1. About the Cα centre of the range 32-101, how large is the charge dipole given +1 on each Lys and Arg Cβ and -1 on each Asp and Glu Cβ? Please answer in debye to the nearest 20.
2. How much of the pair distance distribution for the range 1-58 lies past 17 Å, counting alpha-carbon pairs only, in percent?
3. Per residue of the chain, what 222 nm ellipticity follows from adding -39500 (n - 2.57) for every DSSP H run with n ≥ 4, rounded to the nearest 500?
4. Sort R40, R58, R47 by heavy-atom solvent-accessible area, probe 1.4 angstrom, most to least.
5. Using only Cα positions of the range 44-101, each an equal point scatterer, no hydration layer, compute I(q)/I(0) via Debye at q = 0.14, 0.19, 0.22, 0.28 Å⁻¹ and quote the log10 values to two decimals.
6. Mind checking the log10 I(q)/I(0) for the chain at q = 0.24 Å⁻¹? Debye, one equal scatterer per Cα, no solvent, two decimals.
7. How about the range 21-101: which GluC sites (Glu not before Pro) there lie in a loop by DSSP and see at most 14 other Cβ atoms within 10 Å?
8. Treating only the Cβ atoms of Lys and Arg (+1) and Asp and Glu (-1) as charged, compute the dipole magnitude of the range 1-66 about its Cα centre; round to the nearest 20 debye.
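The values are calculated or read from the model by the stated rules, or taken from the named source; none is laboratory data. All of these numbers come straight from a predicted model, not from anything done at the bench. With ideal geometry, Cβ positions are generated from the backbone for all residues, glycine too; neighbour counts draw on all protein chains shown. Calculation scope for accessible area: heavy atoms of the full protein, side chains included, ligands and nucleic acids excluded. Shrake-Rupley method; radii C 1.70, N 1.55, O 1.52, S 1.80 Å.
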Amino acid sequence: MAKGYWVSVYPAISDPEGLAAYDELAGPAVQAGGGRTLSRIPSRGGRVVAHEAGITQRVVLVEFDSFEQAVAAYESEAYQNALVALPDGVERDFRIVDGMD
């Protein structure tokens, strides 16, 4: 079965404290939903090289055992509560994508 992934790119962050509050709620919600954070850069010291229209702002990649599990984790009450904490000062491009077998 193909895995599912959350892909989040943050083109603009003008409220880092609000983003940290969201992270405090989102991390446990993601883990409870079966997600494994594979990358969260550059906030965890990782490196990023942007090409073409890419940006060097924060990028988060979370893996789930299936696409359905990824969707269910997003729709969970715990994650929906975390989204309430995501401040207006954060611009985010968020996608749930199907992995390849």
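1. For the range 32-101, the charge dipole is close to 480 debye.
2. 48 percent
3. Details: 3 runs with 35 residues, N = 101.
One gets -10500 deg cm²/dmol as the mean residue ellipticity at 222 nm.
4. R47, R40, R58
5. After summing over all Cα pairs, the log10 values are -0.56, -0.96, -1.12, -1.20.
6. Log10 I(q)/I(0), no solvent term: -1.38.
7. In loop regions of the range 21-101 (DSSP not H, G, I, E or B), the sparsely surrounded GluC sites (Glu not before Pro) are E52.
8. Its charge dipole is roughly 240 debye.
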